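The values are calculated or read from the model by the stated rules, or taken from the named source; none is laboratory data. None of the values given here were measured: they were computed from a predicted structure. Counting neighbours? That spans all protein chains shown, and the Cβs are built from the backbone with ideal geometry, glycine included. Surface areas here come from the heavy atoms of the whole protein model, side chains and all, with no ligands, DNA or RNA. Shrake-Rupley method; radii C 1.70, N 1.55, O 1.52, S 1.80 Å.
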Amino acid sequence: ILLLEMGFLAIFLAPWQIWPKRGQEPPVSRAALFLLKLLLFKLMVMSGVVKLTSGDDSWGWIDHSFHWSALTALDYHYWSQPLPTIIGWWADKSPEWFKHFSVAFCLAVEIIAPFSIWAPRRPRLIAAGLIIFLQIVIALTGNYCFFNLLTIALCLLLIDDASIGRKYATVIDRRYSDRLSMFGAIAVIIVTLPINAWLIFTAFKPEAPWPRPLAFIYENVEPFRIVNGYGLFRVMTKDRGEIIIEGSADGIDWLPYEFKWKPGDVKRAPGWCAPHQPRLDWQMWFAALGAPRQNPWFRGLIVILLQWSRDVSRLLGHNPFPDQPPRYIRASFYRYRFTTMEEHRQLGAWWKRQELGEYLPTVSLEQLR
């Protein structure tokens, strides 16, 4: 949704000329620049505020006696996030006090720094630097496809030409197409500004009912994903379940399917895939949060594995049945955690796991038809 909203607003920022003449570059639309800065403001503020209004005390909140709860979100995050990196493993070994400080720093950058987006150059540049730094740290410790790159791209709009000492030719020709893009951006502001304001307000007051006129407008534009609310990690996942799929030709000897990026083999180090998003690996993380019946696509995956498909096999890191499909498939449920430094030195493993039980009973293609 961030890609769609940002891409839509960029239409009004980009020059509406195919081949502008040198020295006649069209000016940046102030209205479009405002829309993209508002998107960055909304993205960051909502992402921070919803953490404090969700009721999850791992992010920290102040009770009626003004007691600040422990900032423990990063005690879980590095190993419970969808696709951690090897730097995430090392970050998990940092001292507890540093993890708590990091949570406070994250909240400060997400909630306080965005207000400097509208400030003069110096505080605006400081805000851009803090947000970019936060995004780089997030990208180093977890795979979030192109999300971090999009956010950094929005931050670049806070850096004006004068702050980097560059001089451009004076614009001497304002074309009709540029005025048209400006009018288009103003129209978007008129339609979306009240919705954006209310979306930000709902981060502070999640239970607040929508005014009827705003609700009507939002219902009509929401399917296009051009104005959205954001709430990253509103509630911290404090456990990590992993689904291990196994196949067998005889129902006695079982061989595991290995995915390219999600945890499986405990001795395989967390990998890097960003800015690519491996959707199958990503969805397997969500599937582990619920039962198979809540994930109808999972049944389709099992059917395809029992039928054998070259396209699906290419999505996997290792298919133990490369030439013909297995007769049976089952799925087990495990709890995964990062190993400690000592465990890693002794076993060479990056993960440790505990079998919790059956996720999907043994099935054959005949049973699923």
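What to note about this one:
- For the peptides 330-343, 266-279, residues were scored by their other Cβ atoms within 10 Å and the scores averaged per peptide; the highest-first order is 330-343, 266-279.
- Probing with 1.4 Å while keeping every protein chain in the model, the per residue accessible area of segment 311-363 equals 61 Å².
- Rounded to 5, percent antiparallel among DSSP beta bridges of the chain: 100 percent
- Packing-based ranking of 4-13, 73-82 yields 73-82, 4-13, ordered from highest to lowest mean Cβ neighbour count within 10 Å.
- Choice from V303, V103, V50 with maximal GNM fluctuation in the chain (Cα, 10 Å cutoff): V303
- Sulfur and carbon atoms: percent of accessible area, segment 216-369 [1.4 Å]: 53 percent
- Based on DSSP H segments of at least four residues, each scored -39500 (n - 2.57), the chain has a per-residue ellipticity at 222 nm of -14500 deg cm²/dmol.
- Cross-link pairs K99/K205; K42/K267; K93/K205 - those with Cα-Cα distance over 31 Å: K42/K267; K93/K205
- Within segment 203-262, the GluC sites (Glu not before Pro) that combine a DSSP coil assignment with at most 13 other C-beta atoms in a 10 angstrom radius are E207.
- For the peptides 157-163, 127-133, residues were scored by their other Cβ atoms within 10 Å and the scores averaged per peptide; the highest-first order is 127-133, 157-163.
- Quotient of Cα Rg and 2.2 N^0.38 Å for segment 190-338, N being how many residues it contains: 1.42
- A viscosity of 1.002 mPa s and a temperature of 20 °C, combined with the Kirkwood radius over C-alpha pairs in the Stokes-Einstein formula, give the chain a diffusion coefficient of 90 µm²/s.
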